[in-house]
Amino acid sequence: MLRTTLLALIISVPSFAQNVKISIAAPRVLNDRKAILLTREKGFAAIVHSIQLGFDTTHLQLDKNLLPDLYQLQISQMKGSLTFFFESGTRIRLDTANLSKSPVTHSKSNLEWQTYQDSIQLPSDRRMNAYLVEEGRARKKSETDSVAYWLTKQMAERDDLASKTGEFISKHPRSYVSLYLLKVNWFTFKNKGLFEKLDSSLAHHRNYKYLKERNKGLARN
């Protein structure tokens, strides 16, 4: 009877890990090369998993609440890194000339991430960099009014980026990209009511749980 009870308890314990598949297509010359998947917590890079190249598909055991999320791929003896949204089934075809340009497929979240990057983040970065260059030139010439102008342009650009990011989150309430963006921009959006717009289907994810706790803190204050 005791053995039966113990067996029932073991079976009823929920599994917190899932079998995650990732495919990395690379030339044979890279076989046996080591790759690592990184995620960033509080500004520090943490090794999530080590992968050996040369296999069509690699199976990983990861907590269910970790994916999809933004990860970074680094490969030994290769310059650069690939930042992408990783979820089970993701496929990467390595660009050996520039790892950061490696195409990523079979990831709905990565498509949404690229949409955000291409339509919002990267154009904003280009404008901001141009304003910084002009500010630097004005400072070299001691043109006070011009410096103030370019500083104002930078402030407006930051506000515009925040506005467009908030719109993206509002329009994609079921997206893990929105969940990620809300987390990393928490102080910008904490009083905007965006967390409440997120779909409950994201509730299992650690980022959702993190935001829920932060929201509780706001309510207590």
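We did not get these values from a lab; they are worked out from the coordinates using the rules stated. If you're wondering where the values come from, they're calculated on a predicted model, not measured in any experiment. Here Cβ is always computed from backbone atoms with ideal geometry, including for glycine, and neighbour counts include all displayed protein chains.
Computed quantities for the displayed model
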quantity	calculated
Members of segment 100-125 found to be among the hydroxyl-bearing types (Ser, Thr, Tyr) and surrounded by fewer than 18 Cβ atoms within 10 Å (Cβ to Cβ), listed by number	Ser100, Thr105, Thr115, Ser119, Ser124
Selection count where residues are surrounded by 15 or more Cβ atoms within 10 Å (Cβ to Cβ) and among the aromatic types (Phe, Trp, Tyr), scope segment 187-214	3
